[in-house]
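Undergrad: The structure that follows is given in the form of structure tokens.
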Amino acid sequence: MTNLFKSVLFFYRPIINWSVVINVIFLILGIQNIALILVNKLFILCFLYYFISQTKAKQRLIFFNNLGISNFKLFASIYLIDAVITILFVSLISTFI
């Protein structure tokens, strides 16, 4: 189980930078509504799934399919991890603003 979680984190590692940038942009714009931020991140993740599944990056998904992680589980796990990080980040920053 921990190896599967580590492999999901391996896939999430390049995405985390963009996630933090999106969080900062929302906070600069004054949007502190966590539900709105999470819905926007869900749309972005759906676009990312479409982009990956339609390009040569689809080969990265084959690795996770061979580990027994379906595409839905992979992206749902990424969304849950990202949601937790977003909630913590927005809550922490909004207490200081």
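Undergrad: Can you run phi through the Karplus equation (6.51, -1.76, 1.60; θ = phi - 60°) for region 56-71 and list ³J(HN,Hα) in whole Hz, with x for Gly and Pro?
TA: Each residue of region 56-71 in turn: 5, 5, 4, 5, 5, 6, 4, 4, 6, 5, 5, 7, x, 9, 6, 4 Hz.
Undergrad: Set the Förster radius R0 to 41 Å, insert the Cβ-Cβ distance between ILE44 and LYS6 as r into 1/(1 + (r/R0)^6), and round the FRET efficiency to 0.05.
TA: E between ILE44 and LYS6, to the nearest 0.05, is 0.95.
Undergrad: Enumerate the calculated ³J(HN,Hα) couplings along region 7-22 in order (Karplus 6.51 cos²θ - 1.76 cosθ + 1.60, θ = phi - 60°), each rounded to whole Hz, writing x wherever the residue is Gly or Pro.
TA: 5, 5, 5, 4, 6, 7, 3, x, 7, 4, 4, 5, 5, 5, 4, 5
Undergrad: Quote the charge dipole size of the chain about the Cα centre in Debye, to the nearest 20; the model charges only the Cβ of Lys and Arg (+1) and of Asp and Glu (-1).
TA: 340 debye
Undergrad: Per-residue ellipticity at 222 nm for the chain, helices alone: DSSP H runs ≥ 4 residues times -39500 (n - 2.57), over residue total, nearest 500 deg cm²/dmol?
TA: Working: 4 runs with 83 residues, N = 97.
Calculated mean residue ellipticity at 222 nm is -29500 deg cm²/dmol.
Undergrad: To continue, here is another question. Over 14 Å, how big is the tail of the calculated P(r) for region 15-96, in percent of all Cα pairs?
TA: Every Cα pair in region 15-96 considered, those over 14 Å come to 65 percent.
Undergrad: Also, quick follow-up: Can you find, among ILE81, ASN33, PHE96, the residue farthest towards the positive end of the dipole of the chain? Put +1 on the C-beta of Lys and Arg, -1 on that of Asp and Glu.
TA: Farthest along the dipole direction, towards plus: ILE81.
Undergrad: Report ³J(HN,Hα) in whole Hz for each residue of region 24-36, in order, from the Karplus equation J = 6.51 cos²θ - 1.76 cosθ + 1.60 where θ = phi - 60°; Gly and Pro get x.
TA: Ordered by residue, 3J(HN,Hα) equals 5, 4, 4, 6, 5, 6, x, 8, 10, 6, 5, 4, 5 Hz.
Read-outs: derived from the displayed coordinates by stated rules, not from any lab. All values reported here derive from a predicted model rather than from experimental measurement. Ideal geometry is used to build each Cβ from the backbone, glycine not excepted, and the neighbour counts take in all protein chains shown.
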